[in-house]
1. Report the label-to-label distance for Ser84 and Arg72 in nanometres (one decimal), using points 7 Å from each Cα along the Cα→Cβ vector.
2. Could you calculate the FRET efficiency of Glu52 with Thr98 from 1/(1 + (r/R0)^6), where r is the beta carbon distance between them and R0 is 25 Å, rounded to 0.05?
3. Order 78-84, 36-42, 9-15, 63-69 from most to least packed using the mean count of other Cβ atoms within 10 Å.
4. For every helix of n ≥ 4 consecutive DSSP H residues, a contribution of -39,500 (n - 2.57) applies; sum these over the chain, divide by its total residues, and give [θ] at 222 nm rounded to the nearest 500 deg cm²/dmol.
5. Using a cut-off of 10 Å between beta-carbons, work out the net charge of the residues near Ser84 (Lys and Arg +1, Asp and Glu -1, Ser84 not included).
6. Note the count of lysine pairs whose C-alpha atoms are less than 23 angstrom apart in the stretch 4-108, limited to pairs 8 or more residues apart or on different chains.
7. About the Cα centre, and with charges only on the beta carbon of Lys, Arg (+1) and Asp, Glu (-1), how big is the dipole of the chain? Nearest 20 debye, please.
Amino acid sequence: MAGFEVMRGDNGEVSVLRLKGFLDAHTASDLERAVQKLLDEKRFKIIVNFKELTYISSAGLGVFMGFIEEVRSNGGDIKLTSMSPKIFRVFDLLGFPTLYEIRDEENQALQSFHNQK
């Protein structure tokens with residue numbers, strides 16, 4: 001089975017989660033724990049970078065739906081960035097571009113948070 005990693009970096013009040021590998025029902029709990037840790041720390045401005053993600057299943061997509069209401073009710077958002085065309089197609093088929101801001105580059109998502117002030 002392919003591995004999965006979540007790497008975190010903070011940039012001021014914005015936290016960046018960089019995903020790598022294979023996000024499916026077996027690894028979605030790793031992402032859930034990473035996002036929950038941010039919320040526990042009251043960090044509600046989140047960028048998820050998909051540059052090194054090679055696969056995502058519906059379980060992986062469900063993680064984002066599970067947290068977005070709490071994040072937004074606390075004045076934050078989850079912005080998605082750096083998706084390969086294959087990963088973007090999965091999000092697009094399920095209508096995510098109407099629910100989430102999806103940017104080509106991480107720095108565009110970061111700038112978008114700074115522009116919201």
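Computed from the coordinates by the stated procedures, all read-outs in this text should not be read as laboratory data. Being a predicted model, the structure only gives us computed values, none of them experimental. Here the Cβ is made from the backbone with ideal geometry for all residues, glycine too, and neighbour counts use every protein chain on show.
1. Roughly 2.9 nm, to one decimal.
2. Working: r = 26 Å, r/R0 = 1.03.
After rounding, the FRET efficiency stands at 0.45.
3. Details: 78-84: 20.6, 36-42: 12.9, 9-15: 14.4, 63-69: 16.3.
Going by the mean number of other Cβ atoms within 10 Å, highest first, we get 78-84, 63-69, 9-15, 36-42.
4. On the way: 5 runs with 52 residues, N = 117.
Calculated from helices alone, the mean residue ellipticity at 222 nm is -13000 deg cm²/dmol.
5. Details: positive: Lys51, Lys86, Arg89; negative: Glu52.
Value of the local net charge: +2.
6. Pairs that pass both the separation and distance tests number 12.
7. Numbers: 15 positive and 17 negative charges, 23 e Å.
Dipole about the Cα centre, nearest 20: 120 debye.
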